[in-house]
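Below: one structure, written as structure tokens.
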Amino acid sequence: MKAQFNVALTGSVSGLARPLAEALCDDPRCGRVLVVDAEPSVPEHPKAAFDALDLTQPSVDERVARSLRRGAVDVVIHGSCSDAPDRAQALAHELETAGTANLLRACARANVRRLVLASHSFLYGAHADNPQLLDETRPLRAPADLPFFADKVGMEALFARHAEEHPGASVLVLRLCPVVGEGTDGLLGRMLGRFLVPAIAGFNPPIQLIHQGDAVRAIALLVGSGAEGVFNVAGKGVMPLLTAIHLLGGVPVVIPSPVFSALGGALFSFHVTSVPREMAPYLMFPFLVDGRKAREAAGFSARLSIREVLEEFYRTQLRRHFA
């Protein structure tokens, strides 16, 4: 099969960057795979290349544009969303705001016609009045006072503005439910990977997870399908949070909501918990996404059930422990 497109990837901060690059290298539809990032995360493959460029640096957009033109890039996949709140949020803020703006300017300069953003289902927010499944028409109601969320909502807004200002560009935004797998470092994975896991008294929300391999396959399918707009990427099935904790051999530490609100910030700052206090709603209410649109547009359905995802995660945790 003749190659149909060349791809550039960003996002060494994401655990999906390397497996996605590997999957695209093995995809016969894909010609070249260029990784543009400050940190090398490129597979050893004849199709793969790396250009060391820090997207947060001033005036980097012209250098990125030259790299995109040199690689005859047709598709740019921006995967620089951090997977969990960081105690040093300033670095993530620079990458997700200034870095995204620089990348989009470079794409405009290089006349890249297809742009893809790997985003998060967290952005819908966890609320008591959420429907059973959130579709792509629902508003983004994540806590605006937490930079982890505000920066990502801003990234989506930058992509939407790019689509408005460049009518010839095709923009695809993928809101992935929490991803678990080798090399990923997402919030639910961090939380569930501990022996003592915080839980809010009186609440046991259903959670949704997708395996890294399924997430990579979804991105590749949707990129190749020519789909535009916003798409949820959902896992297979749901499970109550406390059941997931017990399945992984963890012990839920049940905390009254007012106590968590009062002490959560200090517990997070001193590494007692991986969950900042602003994340309390996600331990109380559901934020499950409907993946029907991606299934209809690209034929994507997750292969691994949530139980299989957790069992694989448990084996991964054991390997890390013994390593």
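The values are calculated or read from the model by the stated rules, or taken from the named source; none is laboratory data. What you are looking at is a predicted structure, and each value in this text was computed from that prediction instead of being measured. Using ideal geometry, Cβ is built from the backbone for each residue, glycine included, and neighbour counts are taken over all protein chains shown.
Val64 is checked against (1) without any contact (Cβ under 8 Å) to a residue 24 or more places away in the chain; (2) surrounded by 23 or more Cβ atoms within 10 Å (Cβ to Cβ) and fails just one. What number does that condition carry?
Of (1) without any contact (Cβ under 8 Å) to a residue 24 or more places away in the chain; (2) surrounded by 23 or more Cβ atoms within 10 Å (Cβ to Cβ), only one is false for Val64: (1).
So which residues in segment 40-58 are more than 13 Å from Gly99 (Cβ to Cβ) and out of contact with any Cys (no Cβ under 9 Å at 6 or more places or on another chain), if there are any at all? Talk me through it step by step, then tell me what you get.
To start, the set of residues in segment 40-58 that are more than 13 Å from Gly99 (Cβ to Cβ) comprises 40-52.
Correct list: Pro40, Ser41, Val42, Glu44, Ala49, Phe50, Asp51, Ala52.
Every residue in segment 219-261 that is part of a strand (DSSP E or B) and within 16 Å of Cys177 (Cβ to Cβ), please.
Initial filter on segment 219-261 (part of a strand (DSSP E or B)): 229-233, 236, 239-240, 251-255.
Val230, Phe231, Asn232, Val233, Lys236, Met239, Pro240 - these are the residues of segment 219-261 that are part of a strand (DSSP E or B) and within 16 Å of Cys177 (Cβ to Cβ).
Among all residue pairs at least 6 apart or on different chains, which show Cβ distances below 6 Å where the first residue, located in segment 208-235, is at negative phi and the second is surrounded by fewer than 19 Cβ atoms within 10 Å (Cβ to Cβ) and hydroxyl-bearing (Ser, Thr, Tyr)?
These pairs meet every condition: Glu228/Ser170.
Only one of these is out of contact with any Gly (no Cβ under 6 Å at 6 or more places or on another chain) and part of a strand (DSSP E or B): Val197, Val216, Val171. Name it.
On the way: Val197 fails: out of contact with any Gly (no Cβ under 6 Å at 6 or more places or on another chain); Val216 fails: part of a strand (DSSP E or B).
Answer to the selection: Val171.
Filter segment 22-44 for residues that are modelled with pLDDT under 90 and not polar (S, T, N, Q); which is farthest from Gly189 (Cα to Cα)?
Narrowing segment 22-44 to residues modelled with pLDDT under 90: 37-44.
Keeping just the survivors that are not polar (S, T, N, Q) gives 37-40, 42-44.
On the way: Asp37: 25, Ala38: 25, Glu39: 23, Pro40: 24, Val42: 24, Pro43: 24, Glu44: 28 Å.
Taking the candidates together, the pick is Glu44.
Filter segment 52-73 for residues that are charged (D, E, K, R) and within 15 Å of Arg109 (Cβ to Cβ); which is nearest to the chain's Cα centre (by Cα)?
Step one: list which residues in segment 52-73 are charged (D, E, K, R), which gives 54, 61-63, 66, 69-70.
So of that shortlist, the ones also within 15 Å of Arg109 (Cβ to Cβ) come out as 61-63, 66, 69-70.
Working: Asp61: 23, Glu62: 27, Arg63: 26, Arg66: 27, Arg69: 27, Arg70: 28 Å.
Filtering segment 52-73 for residues that are charged (D, E, K, R) and within 15 Å of Arg109 (Cβ to Cβ), the one nearest to the chain's Cα centre (by Cα) comes out as Asp61.
Report, by residue number, each residue of segment 229-260 that is under 30 Å from Arg114 (Cα atoms) and surrounded by 15 or more Cβ atoms within 10 Å (Cβ to Cβ).
Listed by number, the residues that qualify are Val230, Phe231, Asn232, Val233, Ala234, Gly235, Lys236.
Tell me which of these Ala266 doesn't satisfy, since it passes every other one: (1) crowded, with 20+ Cβ neighbours inside 10 Å; (2) modelled with pLDDT under 95.
Unmet for Ala266, out of (1) crowded, with 20+ Cβ neighbours inside 10 Å; (2) modelled with pLDDT under 95: (1).
So, Arg315, is that one in a helix (DSSP H, G or I), at pLDDT 95 or above and over 14 Å from Arg194 (Cβ atoms) or not? Steps first, please.
Numbers: in a helix (DSSP H, G or I): yes; at pLDDT 95 or above: no; over 14 Å from Arg194 (Cβ atoms): yes.
Criteria not met by Arg315.
Residue-wise test of (1) of a type in the set (A, V, I, L, M); (2) at pLDDT below 95; (3) surrounded by fewer than 23 Cβ atoms within 10 Å (Cβ to Cβ).
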residue	(1), (2), (3)
Phe149	no, yes, yes
Ala157	yes, no, yes
Leu174	yes, no, no
Gly181	no, yes, no
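Could you grab me the full set of residues in segment 227-260 that are in contact with a helix residue (DSSP H, G or I) (Cβ under 9 Å, 6 or more places away or on another chain) and not aliphatic (A, V, I, L, M)?
Glu228, Gly229, Phe231, Asn232, Gly235, Lys236, Gly237, Gly249, Gly250, Pro252, Ser257, Phe260
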